[in-house]
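Let me begin by presenting the structure, written as structure tokens, before commenting on it.
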Amino acid sequence: MTFWGLCVKIEEKEARGTGGEMDNNGQNQGMGAGVQPPIQPSTQPQVQQAVQNANIQGQAANFQNAAETGERSVLMAGLLAIFLGGFGAHNFYLGYKRDGMLHAALGGGGILFVIIGTIVLSIGPTESIISSGYGIRLAVAGILSGLGWLIVAGSYVWGIIEGVMILSKPKVGKFSRDADGKGLMP
């Protein structure tokens with residue numbers, strides 16, 4: 001007899017009692033008379049699984065309803081603000097087009113200043129710094145690029161601050177609702 005076969009026989013005996021014999025009526029006659037049958041395995045894991053499935057289905061229904069009704073997510077708006085806030089992506093997502101245009105103009109304008117400053121620095125002869133007016137070009141390029149980087153940085157800091165405000169889920173104010181007045185979905 002194999003090990004597993006022996007284990008099965010032992011389990012069967014334990015299920016009937018502790019090794020006793022059964023009579024014709026199915027009553028235990030041996031040493032284990034009066035011993036309760038083992039308790040069936042709990043259905044707790046099945047109940048937990050059913051609850052989990054219901055929660056997942058409920059969440060899926062919430063997202064489907066949100067897509068159908070046009071509700072917007074707090075998490076999505078906050079992440080857009082943190083990562084693309086310098087260009088106003090979160091404001092466009094929430095429907096605040098004017099604020100989105102302002103952010104996009106600041107971010108785009110700052111990058112444009114940086115590009116113009118780089119072009120000004122790179123054009124013209126560079127043999128002699130004094131005779132070719134290189135110092136003036138260097139100053140103009142530095143001012144344009146520096147101003148551009150300050151504008152871009154300011155726009156991004158503004159976006160990050162708004163992202164943190166959105167993710168803090170305020171009860172009232174601009175970041176508790178979208179432009180249509182609908183509450184943000186958690």
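Quick note: the coordinates plus some simple rules give every number you see, no bench work behind them. Every value quoted in this text rests on a predicted model; they were computed, and no experiment measured them. Please note: Cβ atoms are built from the backbone with ideal geometry, for glycine as well, and neighbour counts cover all protein chains shown.
For region 79-89, backbone phi angles converted through the Karplus equation (6.51, -1.76, 1.60; θ = phi - 60°) give residue-by-residue couplings of 5, 4, 5, 6, 8, 10, x, x, 10, x, 4 Hz, Gly and Pro being listed as x.
For MET185, the residues whose modelled amide H falls within less than 5 Å of its own, excluding neighbours fewer than 5 places apart on the same chain, are ARG72, SER73, VAL74. The slack in the chain from VAL157 to LEU102, taken as 0.36 nm per residue of separation less the alpha-carbon distance, amounts to 18.4 nm. Extending 7 Å from the Cα toward the beta-carbon at both LEU147 and SER176 defines two label points whose distance is 4.1 nm. Subtracting the Cα-Cα distance of SER122 and ALA139 from their residue separation scaled by 0.36 nm leaves 4.9 nm.
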